[in-house]
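Novice: Pasting a structure below so you can have a look.
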Amino acid sequence: MAKAVIPRAGDWRAIFQLAGECRELGDDPTAWRDHLLEGLSRLIDADLGSSGESSGHAGGPPRSLGVAHYRYDRFVGPKVQADIASELARDPTRYCIIERWYAAQAREDGAALTRRRVYEDREWDASFSANFVHRPLGVDHVVACFRTIPGGRDVCIGTMLFRGRERRDFDDREVAIVREAHAAIAPLVGGPLARFEEPSPRDLPPHMRRVLARLLEGDCDKQIALRLGLSPYSVNQYTKGLYRHFGVRSRAELLARWLRRAYPNPPTWLKESDSA
């Protein structure tokens, strides 16, 4: 077996910096994955990518638990992207290469592999994945990594990064960067980094997002009512709605959710239209 390539010193610094930047966006499961994809794409010179959570790695049916995308809309038309995403959401096994990645992950958790490591060119060229996924997207080369998250019970974080058809394949150093980035990120998922299946502030109506933002700033009900032009009764009702949404019973429990999880100011889930 070939000896695994170790990233360079500068690569390690970039990986740890990227992990720290993701932690700063940790309360938003889409925002930190968007940043992960952007950072990894920059580090290994990928054109586009997807990152998410999935189950079925231990033998059950493959199932996507959520996914974020990077640069698809700038690389292909939205209809092409939507058609492919719809087909793969209906049946992830249609992207046949994923089953081989799952098998590799079962043998070595966190293994990062290029397409050519699991598919020979002749077999690949005749596959559904090549003809109905990669070619419409205008890509060929891909590197993927799946790594189990803590307490996930067969749940992995996985990332696929692609290059255009006329470009070179990913080299061993670039594959190693993807592998070690996942080794740094995966232990944080469900802790400092939010999972897709957790209740998200993005799912709240605007008025509740505004109240949550003020609570995170430490305002009391009267201060929130004054700043947002609401009655104290309305603030109280919105706060109770926040408790139900996040499955907590008190303000202390609600705020404790953010003690382990950073968020920018303003939070990514607080839209400009929500500002007051």
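The values are calculated or read from the model by the stated rules, or taken from the named source; none is laboratory data. Being a predicted model, the structure only gives us computed values, none of them experimental. When we count neighbours, we look across all protein chains shown, and the Cβ atoms used for this are built from the backbone with ideal geometry, even at glycine. To get the accessible areas, we keep the full protein, side chains included, count just its heavy atoms, and leave off ligands, DNA and RNA. Shrake-Rupley method; radii C 1.70, N 1.55, O 1.52, S 1.80 Å.
Novice: Please go through the stretch 107-121 and give me each residue that is within 19 Å of Ala58 (Cβ to Cβ) and surrounded by 15 or more Cβ atoms within 10 Å (Cβ to Cβ), ordered by number.
Specialist: If the condition is that a residue be within 19 Å of Ala58 (Cβ to Cβ) and surrounded by 15 or more Cβ atoms within 10 Å (Cβ to Cβ), then Asp109, Gly110, Ala111, Leu113, Val118 are the ones that fit.
So that you can scan it fast, the table gives a plain yes or no per residue for (1) assigned to a helix (DSSP H, G or I); (2) under 22 Å from Trp32 (Cα atoms); (3) over 32 Å from the mean Cα position of the chain (by Cα):
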position	(1), (2), (3)
Leu212	yes, yes, no
Gln223	yes, no, yes
Val235	yes, no, yes
Gly241	yes, no, no
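Novice: Taking Ala252 as the residue in question, decide whether it is outside any loop (DSSP other than H, G, I, E, B) and open to solvent by 40 Å² or more (accessible area, probe 1.4 Å).
Specialist: yes
Novice: So Trp124 fits all but one of (1) farther than 17 Å from Gly56 by Cβ; (2) of a type in the set (Phe, Trp, Tyr); (3) open to solvent by 10 Å² or more (accessible area, probe 1.4 Å); what number is the exception?
Specialist: All conditions pass for Trp124, except number (3).
Novice: Can you tell which of Leu48, Leu25 is under 20 Å from Met160 (Cβ atoms) and either touching a residue at least 12 places away in the same chain (Cβ under 8 Å) or open to solvent by less than 10 Å² (accessible area, probe 1.4 Å) (or both)?
Specialist: Leu48
Novice: Take Gly56 and decide whether it is modelled with pLDDT under 90, surrounded by fewer than 18 Cβ atoms within 10 Å (Cβ to Cβ) and more than 19 Å from Glu198 (Cβ to Cβ).
Specialist: Criteria not met by Gly56.
Novice: Further question on the same structure: How many residues are in a helix (DSSP H, G or I), open to solvent by 10 Å² or more (accessible area, probe 1.4 Å) and either farther than 30 Å from Leu204 by Cα or in contact with a Gly (Cβ under 6 Å, 6 or more places away or on another chain) (or both) when one looks only at the stretch 28-45?
Specialist: Going through the stretch 28-45 one residue at a time, the tally reaches 2.
Novice: Given the structure, is Glu87 farther than 24 Å from Asp169 by Cβ, part of a helix (DSSP H, G or I) and touching a Phe, Trp or Tyr at 6+ places or on another chain (Cβ under 9 Å)?
Specialist: Numbers: farther than 24 Å from Asp169 by Cβ: yes; part of a helix (DSSP H, G or I): yes; touching a Phe, Trp or Tyr at 6+ places or on another chain (Cβ under 9 Å): yes.
Criteria met by Glu87.
Novice: Still on this model: Restricting the search to the stretch 205-216, which residues are touching a residue at least 60 places away in the same chain (Cβ under 8 Å) and either open to solvent by less than 20 Å² (accessible area, probe 1.4 Å) or acidic (Asp, Glu) (or both)?
Specialist: Arg209, Ala213
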